[in-house]
Amino acid sequence: MNNKFGKILLVGFLLPVFALACNLAVPLSEVQEVLPTEINLPEELGFGDIQNEPPLVQEQPKESSEPARVSNPVVEPAPNNLSFSELYERVNPAVVNIITYGEQAGRVIASGQGSGFLFDFDGNIITNAHVVHGSQQVETVFADGTIKNADIVGEDLHSDLAVIRVDEVPEGVQPIPLGDIEDVRVGQTVIAIGNPFGLGGTLTSGIVSALGRTIPALTPFSIPESIQTDAAINPGNSGGPLLNLRGEVIGVNAQIETDGFSRSNSGVGFAIPVSIVNRVVPELIKDGEFNWVWLGVVGGDVSPNLAEAMGLPVDYGAYISEVVEDGPAAQSGLHGSLRDTVFEGRQLTIGGDVITAINGVNVDSFGDLLVYIAMNVMPGDEVSLTVFSDGKYEDIKVTLQERPEQLDISEVQFP
């Protein structure tokens, strides 16, 4: 990830230009802006001349305690790329329009709409959490016009994913198989199917514009590895599938970037990656929730300027500007920036730890640390961090915890 943003590890910040791709508004009272930043520190306030070399880190296989990857062995993708028409005929029957209902003045009224797609023959349908969260009733409309009431099986606000279930699937409707994020490439053709503005069964096409984006969740935390696409995504598309040309889901359409005034597509949309779908959905079906882990640090990338200014022996890693009080990192002795200074006219923070590896896997950026924590470990796991601190390297063990339900970030200062 090349974005030089200050972040809480696994904590995202709602930007005013992001909008949920359903017919719901993002509350501006919850918006907090974070600007790109490059940390430049003065050499005289760094760690001086450091002679020790960074420990040799061998890339180790990632031992993961994550749930097993989900697949649907009874539904195979197309052996070759399909035309748009063939793909639509194959997939559209499994895409549903979702209508939610809530109570107002003693009456039950329609409160929102979005999209979803059939995950298995048990009637489980994947959608966005923001489509169904807080709803009293959920109704699905299949492509053939069949209307089915649905129950909310589980939702995860941290990943903005939810599973709803209908008691019976219309005859002949096949679940949509999930793809593999490792096969997704920038520039490949993708299609989105959903219900923009309530227009059921709408297909749009585009390309994968970028990979590895970090987008805001419905909590202070963020969603890593997200897919950026220029396929038209509009209000009502939320929860619908982003597909490759073999008819595999590679992401769940969730957000669009706007100018802050219009909520329609501007060519920049975002989908929750299938890697997170694989991780979260089975737990939602099984337990109704997913327990995410957190480290509890604020930071950014180590830039060449930062490395030179602080006299660091490396020009990569995750720079820690602050640790969250009583979080796992704080309890293990990691520390953030110690003081502020002005360098070439810029207000800067200096003195924080630098993480260069986790469990023997190189950390080249803050994003690497975020993704590893998000995708490879669970609450209660212990990780080993290679940390450059106070002029020397040390290995620090950290026992990770479950994310808190709420997090007060009002006093957090970003680099």
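The values are calculated or read from the model by the stated rules, or taken from the named source; none is laboratory data. What you see is a predicted model, and the numbers here were worked out from it, not measured in a lab. As a convention, Cβ positions derive from the backbone with ideal geometry for all residues, glycine included, and neighbour counts pool all protein chains shown.
Go through G154, G123, G102, G116 for me and flag whichever is over 19 Å from L284 (Cα atoms) and of a type in the set (G, A, S). Working first, answer last.
Numbers: G154 fails: over 19 Å from L284 (Cα atoms); G123 fails: over 19 Å from L284 (Cα atoms); G116 fails: over 19 Å from L284 (Cα atoms).
So the residue among G154, G123, G102, G116 that is over 19 Å from L284 (Cα atoms) and of a type in the set (G, A, S) is G102.
List, please: which pairs have Cβ atoms under 7 Å, are six or more places apart or on different chains, and start with a residue in region 265-281 that is in contact (Cβ under 8 Å) with a residue 40 or more places away in the chain and assigned to a strand (DSSP E or B) and end with one that is charged (D, E, K, R) and crowded, with 24+ Cβ neighbours inside 10 Å?
Taking only residues 6 or more apart or on different chains, the pairs are I272/D160.
Suppose the filter is without any contact (Cβ under 8 Å) to a residue 60 or more places away in the chain and farther than 16 Å from R165 by Cβ; does A143 pass it? Working first, answer last.
On the way: without any contact (Cβ under 8 Å) to a residue 60 or more places away in the chain: yes; farther than 16 Å from R165 by Cβ: yes.
In short, yes.
Return the pairs, sorted by first residue and then second, in which the second residue is assigned to a strand (DSSP E or B) and among the aromatic types (F, W, Y), the first residue lies in region 378-390 and is in contact (Cβ under 8 Å) with a residue 60 or more places away in the chain, the beta carbons are less than 9 Å apart, and the residues are 6+ apart or on different chains.
Every condition considered, the pairs that remain are P379/W294; T386/Y393.
Among the residues of region 178-187, which ones are of a type outside the set (G, A, S), exposed (fewer than 14 other Cβ atoms within 10 Å of the Cβ) and assigned to a loop (DSSP other than H, G, I, E, B)?
Step one: list which residues in region 178-187 are of a type outside the set (G, A, S), which gives 178, 180-186.
With exposed (fewer than 14 other Cβ atoms within 10 Å of the Cβ) added as a condition, the list becomes 182-183, 185-186.
Hits for region 178-187 are R185, V186.
Any chance region 299-307 includes a residue that's farther than 23 Å from D120 by Cβ, touching a residue at least 24 places away in the same chain (Cβ under 8 Å), hydrophobic (A, V, I, L, M, F, W, C) and outside the structural domain of A192 (by TED's automatic domain parsing)? Give the steps one after another, and end with the answer.
Narrowing region 299-307 to residues farther than 23 Å from D120 by Cβ: 299-307.
Next, only the ones that are touching a residue at least 24 places away in the same chain (Cβ under 8 Å) stay: 299-303, 305-306.
So of that shortlist, the ones also hydrophobic (A, V, I, L, M, F, W, C) come out as 302, 306.
Filter again for outside the structural domain of A192 (by TED's automatic domain parsing), leaving 302, 306.
Scanning region 299-307, I find at least one residue that is farther than 23 Å from D120 by Cβ, touching a residue at least 24 places away in the same chain (Cβ under 8 Å), hydrophobic (A, V, I, L, M, F, W, C) and outside the structural domain of A192 (by TED's automatic domain parsing), so the answer is yes.
Let me confirm something: among V268, V208, V186, V274, which residue is under 24 Å from F290 (Cβ atoms) and of a type in the set (A, V, I, L, M)? Steps first, please.
Values: V268 fails: under 24 Å from F290 (Cβ atoms); V208 fails: under 24 Å from F290 (Cβ atoms); V186 fails: under 24 Å from F290 (Cβ atoms).
Result: V274 is the single residue among V268, V208, V186, V274 that is under 24 Å from F290 (Cβ atoms) and of a type in the set (A, V, I, L, M).
Please work out if V173 is in a loop (DSSP other than H, G, I, E, B) and not aromatic (F, W, Y). Lay out the reasoning, then the answer.
On the way: in a loop (DSSP other than H, G, I, E, B): yes; not aromatic (F, W, Y): yes.
Yes.
Does region 389-406 hold any residues that are in a strand (DSSP E or B) and within 19 Å of V324 (Cα to Cα), and which are they?
Within region 389-406, the first condition is being in a strand (DSSP E or B), and the residues that meet it are 389, 392-399, 401-402.
Within region 389-406, S389, I396, K397, V398, T399, Q401, E402 meet the criteria.
For D353, indicate whether it is acidic (D, E) and modelled with pLDDT under 90. Steps first, answer last, please.
Numbers: acidic (D, E): yes; modelled with pLDDT under 90: no.
When the stated conditions are applied, D353 does not pass them.
Return yes when D151 is without any contact (Cβ under 8 Å) to a residue 24 or more places away in the chain, acidic (D, E), in contact with an Asp or Glu (Cβ under 9 Å, 6 or more places away or on another chain) and more than 23 Å from G201 (Cβ to Cβ) and no when it is not. Even if it seems obvious, please write down each step before you answer.
Working: without any contact (Cβ under 8 Å) to a residue 24 or more places away in the chain: yes; acidic (D, E): yes; in contact with an Asp or Glu (Cβ under 9 Å, 6 or more places away or on another chain): yes; more than 23 Å from G201 (Cβ to Cβ): yes.
Criteria met by D151.
Is there a residue being outside any strand (DSSP E or B) and under 13 Å from the mean Cα position of the chain (by Cα) anywhere in region 249-261? Steps first, please.
If we filter region 249-261 for residues that are outside any strand (DSSP E or B), which is where we start, we get 258-261.
With under 13 Å from the mean Cα position of the chain (by Cα) added as a condition, the list becomes none.
Checked region 249-261: no residue is outside any strand (DSSP E or B) and under 13 Å from the mean Cα position of the chain (by Cα).
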